[in-house]
Amino acid sequence: MTERPLIGILLILLVESPHMLKFRWDFNETSFSRAWHLTTVALLLSGILILLDSGARVAMPVLLSWLPALLVAMQFVQSFGMKDSMPLNTFSFFANYHRIRNLRLGLTESVIHINFGNVYFVTTMVAATLGTWSDSWVFLPGVIVLTGWMLLSASRSRPLSLVVALTIAGGIAVAGQLGLQKLEEIFTSSGAALFQFDPNSTSTRIGKPGPIIQSADIVWRLTPLDRKLTPPLLRTASYNTYTLGNWKCSPAGEMKFKDLDTRTLADVPYSLLAPDLEESAQLLAIGPGLPRFTLRGSAAAETPLALPGDAASLRDFELDGAERNSFGTVRIFPKYSIIEGTVLWKGLQNPEIRPFPREDLELPAKDRETFQRIIRDLGLDDQPTLAAKLSILRTWFRENFTYSKNPTISSSSLVATSPSAIVQFLTTTRSGHCEYFASATALILREAGIPTRYATGYAVMELDVKRKEFIIRGTHSHAWCRVWSEENKQWLDFDTTPGSWMAGISLANSRTQRINDEVKRLRENFFLWRIKPGNRLGVTLGMAGIGLAMVVFIAKRLWKSRRHMKPTGQATGYSGVMRQTPLNAIERQAAKHLGTRPHGQPFATWLMGLGTSLPEPSTLVDAVDLHQRLRFDPNPASEDEQKRLLELAKRLEAEIRSHSPGIRS
Amino acid sequence: MSIKNTAARLESAIGSVMHGQQEVVRRVLACMISGGHVLLEDFPGTGKTTLAKAIAKSISSAAFRRVQFTPDLLPSDILGISVLDPRTQEFKFHPGPVFTDILLADEINRASPRTQSALLEAMGERQATIDGQRYDLDGLFFVIATQNPVEFRGTYPLPEAQMDRFAMQCSLGYVSAAEEVAILSDQTDTHPVDRLGAVASREEILELMTAARQVRFSDELRHYIVTLVGATRGHPSVQLAASPRASLALMKVSQALAVFQGVDFVSPELIQSLAVDVIAHRLVLVPEAKYSGIHARQIVADLIEQTPVPV
């Protein structure tokens, strides 16, 4: 909530204004129920909207952070109503129905009453901790100081114990805050840190036995346009340095992301071609003859775009910006959480720059012997062209290796072991998943002197025939190589994983998955419809109109039914002078020991409850007698009496303060 | 000073007969002083009749009449009747028991509503109209009616209009064991009522009544009374709510009670202590509430709790 100060201030005004305003409403149980219905509708609607906007994992914290605004109707009926509590069954339709029936039948029923202010306070605190400001160092001290201020004004005695209590509470708050943040992270970061995307390094499961578990949720959807050409692989990132099952980018200077160049290409917002090409070559990026496809999916800031290795440019995406690094990894800053646009590809150029002479040929020294032997056995060095070398390698992998999602190779990812996981894969087991194939191929090719990189992304393999679109799921994640062709001055995709790996995946199409897909599709369609410029205005106007009409309707009815509130402690309907006495002033002080005085309990009776715990009960008796006279006897009191009561009240206050009788029930 | 004295003497005299019932005695006396009438609803044998007799006996030269209400009782049995005097050949009015200072209407719900209603005019306006002739009742006209809450066979519940004429309805209830022992030991020889002598004159009672009317009552508390009584109107369990007559009675009885408490102004505590007795019997509950055990007295008690009181 802290990131929306305007709404926050408005809510504060609404919640705190009753202290300054002199009118109230006589809200009864029906009003409470109505407010709750309104709140439920608001909760449901905003829940749906937030879910559509941001997806299931982020929706909960976002909804929580909006709770103070959504619950304001309840707080309104509480703070502007005459009653200081509401029955608990307001919040349950069935309990309420039961109660109304019992009332009608005249059956007695015990009802628990709560003050919604407490609930609202807690909600506000929770919402505040979920806001962006809660990360700043002022947040927690600020909250503690504010709470301390509130508590201090409520009880002036024992400030030291209050400070101690606040310190302990502050400690718990820090722990709670950290815990909440962690929880939020877990909820928002796609379930587990394992799947978090890092453009500069990726840790593979090479050397880790056990099955790979992937989500079958749709990530992207791809519809070929014009020539019905479809890219077989969509890359999200490339890496070039291998150590113990991890691929990283190097040198460090090239990892930096730079904005995509838009200068020369006014027609196309984002050209993807390598920035080291000349301007004339750059123009190829918008070539009208290039094949194209539309790409649709959900995205957040810094989401990597899945693109073909020879992607040329992006069109029609609603972006705040896009950037890429020297390895051709493109990431975007979308305007909305769901994006759709056109990708032009087959530009005969690449998004990444030329290979680095050292990094793209680097090898783990211990394993070189194995690679050299394989190269020798296959006769790779004897082949004249790159294409021939690749062909031999592909055949070798296809004929001698099997695909397995559950490999048995085990090796440490911290220290180099002998033989390494890759060597085990190449020589003994000859069975593994795409990460093995891609890493091994890349290293062998490097040994053969061909700059090669490791690429991750998705295989395009599931065609929805009815809709004529390709569906890309988490299970379609794939890894392959990018091989530099010196001849074409181009990076080429090279995939040695046996094609059989796809067979295992397309079967995983359960009924729940189909329902999930359909929901996601609907959500995306609705969202994209909503953000289209024409529709967006309509939707905004329509929603604002409905909201405004409701607010006006409610406000008008409320305004008509408002009542002017007499100062507290005065008879209803009485507009004459209210003669407060000095004793009235100690009500707050006494309330600390007696609890708040119930509406219907006369002040004198209530105050006499202090009686036995005071050292001199006679002071109290005298003061109360005099108070009654001054307050309720229509005959004006003499000045002496007033002075005397003032003195008695002072003495009484001092007595209460110094002796601070124990809290009484 | 003499006013306070009179009040205290009356209280202690009746208190000596009614063991452990100081609170109710004070209320009933306050009701009398306020010019209202009281309905005692209680189980048999709790001392309803004794209380009425004790009050009558403690006031010197106060006429006391007792009418045992039965189903065949006629209005003329209460109001009086004109009889032709054969000597003068004129109708001569024989006043009924209503022409008295203190009237005990015992088991009032046993008479027919017609007879019960004969009391309406007398109680409301302190006058009786018989054969078109108006007769004023005495300044100190106080009706103590009793009824039994458990025996309903052969009874006629009091009409609402009649109920409304009673300023308040009290219950004596059972006393503590110690008090009951005191009652037993008190009556070994003679009944304490018989031993009771007059402690106040009729004039002194009239003085008390004047004093009660002079007890100061702030405007704000009048609003409080009106709010409290008004809260019965529109209550979901109440079919017939309290009338302005209830507000009036509550104000007057509070003033009278103030006299007995020795204060000369009314405080909200006083009003609250009387509100249930003064308001509850006037309410008619909706049948659903009635048959499911909700009591009018509880409703009024709840309303007292809910109505903001001036402090």
*Do you know the relative contact order of segment A:201-527, to the nearest whole percent, from alpha carbon pairs under 8 angstrom that are 6+ apart?*
24
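Treat the count of other C-beta atoms within 10 Å as a stand-in for reagent exposure and order A:W137, A:W480 from fewest to most.
On the way: A:W137 7, A:W480 26.
Sorted ascending by nearby Cβ count, the order is A:W137, A:W480.
With a 10 Å Cβ neighbour count serving as the proxy for reagent exposure, in which order, fewest first, do A:R358, A:R629 appear? Provide the component values of the computation, followed by the final result.
Values: A:R358 10, A:R629 18.
By the 10 Å Cβ count, ascending: A:R358, A:R629.
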*Label segment A:582-659 by shape, choosing from rounded, prolate and oblate, from the square roots a ≥ b ≥ c of the eigenvalues of the Cα gyration tensor; if a/c is under 1.5 it is rounded, and otherwise prolate applies when a/b is larger than b/c, oblate when it is not.*
oblate
*Calculated FRET efficiency for the pair A:E185/A:E641, C-beta based, R₀ 60 Å, to 0.05*: 0.35
*Between B:A63 and residues 5 or more places away or on another chain, which pairs have amide H atoms under 5 Å apart, with H built 1.01 Å from N, and which residues are they?*
B:D101, B:I102
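Excluding A:E647 itself, what net charge comes from residues whose Cβ is under 13 Å from its Cβ, given Lys and Arg +1 and Asp and Glu -1? Write down the numbers at each step before the final one.
Numbers: positive: A:K643, A:R644, A:K650, A:R651; negative: A:D622, A:E639, A:D640, A:E641, A:E653, A:E655.
My count for the surroundings of A:E647 gives -2.
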*By how many nm would the segment from A:S510 to A:V415 grow when fully extended, if each residue of separation counts as 0.36 nm and the alpha-carbon distance is taken off?*
30.1 nm
*With Cα atoms, 0 to 90° folded angle of helix A:533-561 axis to chain A main axis*: 10
*Amide H within-cut-off set for B:H37, under 5 Å, with H built and near neighbours excluded*: B:A167, B:M168
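Between A:L14 and A:S153, what FRET efficiency comes out of the Förster formula 1/(1 + (r/R0)^6) with R0 = 25 Å and r the beta carbon distance, rounded to 0.05?
On the way: r = 21 Å, r/R0 = 0.85.
In this case the efficiency is close to 0.75.
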_Whichever lysines have a C-alpha closer than 20 Å to that of A:K335, once near sequence neighbours (fewer than 8 apart) are set aside_ = A:K258, A:K520, A:K532
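Per-residue mean of other chain beta-carbon atoms within 10 angstrom of the beta-carbon, peptide B:214-222? Intermediate results must be reported in sequence, preceding the final value.
Details: counts 0, 1, 4, 3, 9, 6, 14, 5, 3.
Mean number of neighbouring Cβ atoms from other chains: 5.
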*Check A:H478: other-chain or 5+ apart residues with amide H under 5 Å from its amide H, H built from backbone geometry?*
A:G457, A:Y458, A:A459
_Need one number: nm distance between label points at A:L537 and A:D622, each 7 Å from Cα along Cα→Cβ, rounded to one decimal._
8.0
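Could you give the length gained on full extension between B:N5 and B:L84, defined as 0.36 nm per residue of separation minus the Cα-Cα distance, in nm? Please list the in-between numbers first.
On the way: separation 79, 0.36 × 79 = 28.44 nm, distance 4.81 nm.
Gain in length upon complete extension: 23.6 nm.
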_Modelled label reach - B:R297, point 7 Å along Cα→Cβ, segment B:124-164 residues with backbone N closer than 18 Å_ = B:145-152, B:158, B:163-164
*Point-to-point label distance, A:S215-A:T167, nm (Cα→Cβ direction, 7 Å offset)*: 4.5
*Applying 1/(1 + (r/R0)^6) with R0 = 56 Å to the Cβ-Cβ distance of A:T605 and A:E318, what FRET efficiency is obtained, to the nearest 0.05?*
0.20
*Build a GNM of chain B with springs between Cα atoms under 10 Å: which of B:A56, B:A30, B:A177 gets the top mean-square fluctuation?*
B:A177
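Bear in mind these aren't lab numbers, they're just calculated from the coordinates by the rules spelled out. Source: prediction; values computed, not measured. Glycine also receives a Cβ, built like all others from the backbone with ideal geometry; neighbour counts cover every protein chain displayed.
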